[in-house]
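Trainee: Before I ask anything, here is the structure I am working with.
Each reported figure results from applying straightforward, stated rules to the coordinates on display, with no laboratory input. Keep in mind the model is a prediction, meaning the values are calculated, not measured. As a convention, Cβ positions derive from the backbone with ideal geometry for all residues, glycine included, and neighbour counts pool all protein chains shown.
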Amino acid sequence: MTSLPFPHTEPRLSREEADARRAEASARIRAATGIDEILISNLVEGFYDKVRNDPLLGPVFAERVEDWGPHLDRMKQFWSSVALATGVYTGRPMPRHMNLPVDAAHFDRWLALFEETAEQLCTPLAARHFVTRARNIAESLELGVANRNGVLLGVGERYRRRD
């Protein structure tokens with residue numbers, strides 16, 4: 001067996017150690033940003049209210065989300081994990097988005113609504129914390145959708161559907 005050029009020599013963390021590190025990281029983020037589950041809930045609820053009424057995004061969601069309660073609960077877990085490093089979300093977002101009929105215009109609109117909601121509900125620092133992560137998520141999902149549709153994007157390129 002060939003050894004790795006940079007072998008991992010530190011012992012793995014126990015589950016308890018990993019949970020403790022996650023809790024410490026989450027506490028640091030909460031203290032620094034003021035983000036908590038109530039703010040996450042308000043952000044998710046406010047954002048998806050806008051999405052449902054949006055002429056571009058609303059129809060995409062309406063065709064796929066029958067019961068908004070579970071979807072919003074899942075999104076609150078997702079944002080808790082993303083913004084606070086809580087680890088409460090264990091899903092896989094990419095497969096759920098790869099087959100959607102969306103492109104750069106949809107991701108741009110999603111980001112605009114998200115940024116608007118974050119700026120309305122959050123302190124500037126908390127809004128920046130959320131929006132930075134939202135931009136990374138949107139970019140990653142757009143790359144995944146493009147790839148699923150046979151398009152390999154270069155640096156700075158955007159995916160445009162050929163409808």
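Trainee: May I ask for the net charge around Phe78, where only other residues with Cβ less than 12 Å from the Cβ of Phe78 are counted and Lys, Arg are +1 while Asp, Glu are -1?
Mentor: Here the count lands on +4.
Trainee: How large is the Rg to Rh ratio of segment 118-163 when both quantities use alpha carbon positions and Rh follows Kirkwood?
Mentor: Ratio of gyration radius to Kirkwood radius: 1.16.
Trainee: Also, I was wondering about something else. At 0.36 nm per residue, and after removing the present C-alpha to C-alpha distance, how many nm does the segment from Arg161 to Glu116 gain when stretched out fully?
Mentor: Extra length available between Arg161 and Glu116 comes to 13.6 nm.
Trainee: Taking all pairs of distinct Cα atoms, average 1/r, flip it, and tell me the Kirkwood hydrodynamic radius of segment 45-128 in Å to one decimal place.
Mentor: 13.9 Å
Trainee: If the elastic network links every pair of Cα atoms under 10 Å, which of Leu57, Leu13, Leu43 fluctuates the most in the Gaussian network model of the chain?
Mentor: Taking springs between Cα atoms under 10 Å, the residue moving most is Leu13.
Trainee: How high is the relative contact order of segment 1-158, in percent, counting Cα pairs under 8 Å that sit 6 or more residues apart?
Mentor: 24 percent
Trainee: Counting GluC sites (Glu not before Pro) as exposed when in a DSSP loop with at most 10 other beta carbons within 10 Å, what is the longest stretch of the chain free of them?
Mentor: Between the exposed loop sites, the longest stretch runs 67-163.
Trainee: Moving to a separate point now. Taking springs between alpha-carbon atoms closer than 10 angstrom, which of Ala32, Ala126, Ala146 fluctuates most in the Gaussian network model of the chain?
Mentor: Ala32
Trainee: OK, next. Roughly how many nanometres apart are two label points built 7 Å out from the Cα toward the Cβ at Val65 and Asn42?
Mentor: 2.0 nm
Trainee: Full extension from Ala27 to Leu153: what is 0.36 nm times the residue separation minus their Cα-Cα distance, to one decimal in nm?
Mentor: Length gained between Ala27 and Leu153: 41.6 nm.
Trainee: Separate question: With springs only between Cα atoms under 10 Å apart, run a GNM on the chain and tell me which of Gly58, Gly150, Gly34 wobbles the most.
Mentor: Gly150
Trainee: Then there is this: By the scheme Lys and Arg +1, Asp and Glu -1, what is the net charge of all other residues having a beta-carbon under 12 Å from that of Cys122?
Mentor: Every neighbour counted, the sum reads -3.
Trainee: Take each complete run of DSSP H in the chain, measure how far its Cα atoms stretch along the helix's own axis, and keep only those covering 20 Å or more with mean Kyte-Doolittle hydropathy at least -1.0; list them.
Mentor: 37-53, 68-84, 104-121, 124-148
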